[in-house]
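The block underneath contains the structure these notes are about, expressed in structure tokens.
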Amino acid sequence: MCAVLSFMGIAGWGWADGLIRNPGFEDATDTGLPNQWSGPASVYSREVAFKRSGSASLKYVNDNAEVYALCTQPVPLQTGKRYRISAWVKTQDIKGEESGATICAEWQDAQGKWLGGHYPEGAKGTTDWTHIESVTPRIPADAHNYTFTCYVRRAMTGTAWWDDVAITYEPEPPFSSVLTAPDYRGQVAGANPELVRVRCLINLIDCPVQLGDACLAWRVLENGDRSVVMKGEVYPIPAATADVTVDARELPAGKYIVEITFQRKDNGEVLATNTWLAGAGFEPATFGL
Ligand SMILES: [Ca+2]
């Protein structure tokens with residue numbers, strides 16, 4: 001028996017739109033702070049001795065637990081969207097009850113009143129470069145101003161560094177899928193072989209396309225040379241949950257790839273692609289896919 005089924009991932013969706021200026025702290029100012037960043041120069045400075053990339057990082061030095069200092073810059077976020085925030089953080093003797101050196105994103109209303117934020121936990125003690133990464137909730141509709149902040153949590157002391165910070169739009173994928181049949185290891189086999197059925201789940205919350213303007217184009221590829229052995233299209237897509245059905249019963253035994261592309265109907269622009277690898281047995285009563 002030879003059967004393989006694996007989800008091979010999503011491609012063709014998402015982008016990285018870096019929204020932070022001087023994210024690697026390379027540009028200097030004459031205040032000692034990195035360019036574009038605001039904070040008390042008594043605590044924060046541009047550091048050249050330690051860096052994760054380039055020639056500099058952001059450094060925090062504080063020996064007074066009463067001092068709570070932030071290093072911030074405004075960022076151009078948009079209401080209704082989620083963002084991934086990330087940074088590399090290094091610490092030396094960061095002490096206190098809280099979680100240490102970290103980052104946050106915050107939003108205020110048009111009058112500057114704090115509305116909310118996202119606050120992943122940080123690094124404390126003495127650590128080498130550690131990656132912090134987290135996705136914000138959706139920005140509320142009444143938010144107006146936004147900031148990205150590097151900081152050490154309140155009532156803590158020690159030394160910390162940040163480098164390669166980022167905040168990027170994090171759309172929900174518009175398309176995912178599940179191979180629902182054949183239910184045994186992707187095989188079309190046995191006395192009454194099933195149709196291949198892929199349940200497609202469409203989520204347009206972050207996708208600038210209407211369901212009626214999109215289609216599900218599918219192809220069956222021979223696993224070896226990737227030649228197309230079958231293809232078709234579901235249009236219109238009847239609902240946000242829709243099945244793509246492939247009658248693979250006449251295919252020769254072998255391994256095939258089922259590729260489903262969620263795309264614009266009018267110009268074929270690919271919004272997302274899911275790929276399934278299915279295998280078949282090589283016994284007389286079995287069929288391909
Ligand atoms: Ca750097």
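Taking strands (runs of 3 or more DSSP E) that do not extend beyond the stretch 225-274, which have at least 3 residues that are within 17 Å of Glu194 (Cβ to Cβ)?
Working: elements: 228-234, 241-246, 256-264.
Output list reads 241-246.
Scan the stretch 38-56 and report the pairs whose first residue is over 16 Å from Tyr68 (Cβ atoms) and of a type in the set (S, T, N, Q) and whose second residue is more than 9 Å from the ligand (Cβ to nearest atom) and not in a loop (DSSP other than H, G, I, E, B), with Cβ atoms within less than 6 Å and a gap of 6+ or a chain change.
Ser45/Lys59
Report whether or not Lys81 is charged (D, E, K, R), within 16 Å of the ligand (Cβ to nearest atom) and either surrounded by 14 or more Cβ atoms within 10 Å (Cβ to Cβ) or without any contact (Cβ under 8 Å) to a residue 24 or more places away in the chain (or both).
Values: charged (D, E, K, R): yes; within 16 Å of the ligand (Cβ to nearest atom): no; either surrounded by 14 or more Cβ atoms within 10 Å (Cβ to Cβ) or without any contact (Cβ under 8 Å) to a residue 24 or more places away in the chain (or both): yes.
No: the conditions fail for Lys81.
Restricting to strands (runs of 3 or more DSSP E) lying wholly in the stretch 140-184: which have 1 or more residues that are away from the ligand (no atom under 16 Å from the Cβ), under 27 Å from Asp243 (Cα atoms) and at pLDDT below 95? Can you show your working first?
On the way: elements: 145-152, 157-169, 175-181.
Result: 175-181.
Among Gln73, Gln92, which is the only one that is farther than 15 Å from Trp37 by Cβ and polar (S, T, N, Q)?
Details: Gln73 fails: farther than 15 Å from Trp37 by Cβ.
It is Gln92.
Given Val67, Val61, which one is in the same structural domain as Tyr119 (by TED's automatic domain parsing), in a loop (DSSP other than H, G, I, E, B), surrounded by 13 or more Cβ atoms within 10 Å (Cβ to Cβ) and of a type in the set (Val, Ile, Thr)?
Numbers: Val61 fails: in a loop (DSSP other than H, G, I, E, B).
Matching residue, one of Val67, Val61: Val67.
For the stretch 21-58, give me the residue count where each residue is within 15 Å of the ligand (Cβ to nearest atom) and outside any loop (DSSP other than H, G, I, E, B).
Of the residues in the stretch 21-58, 8 are within 15 Å of the ligand (Cβ to nearest atom) and outside any loop (DSSP other than H, G, I, E, B).
The values are calculated or read from the model by the stated rules, or taken from the named source; none is laboratory data. Treat the numbers as computed from the prediction; the structure is a model and nothing was measured. Counting neighbours? That spans all protein chains shown, and the Cβs are built from the backbone with ideal geometry, glycine included.
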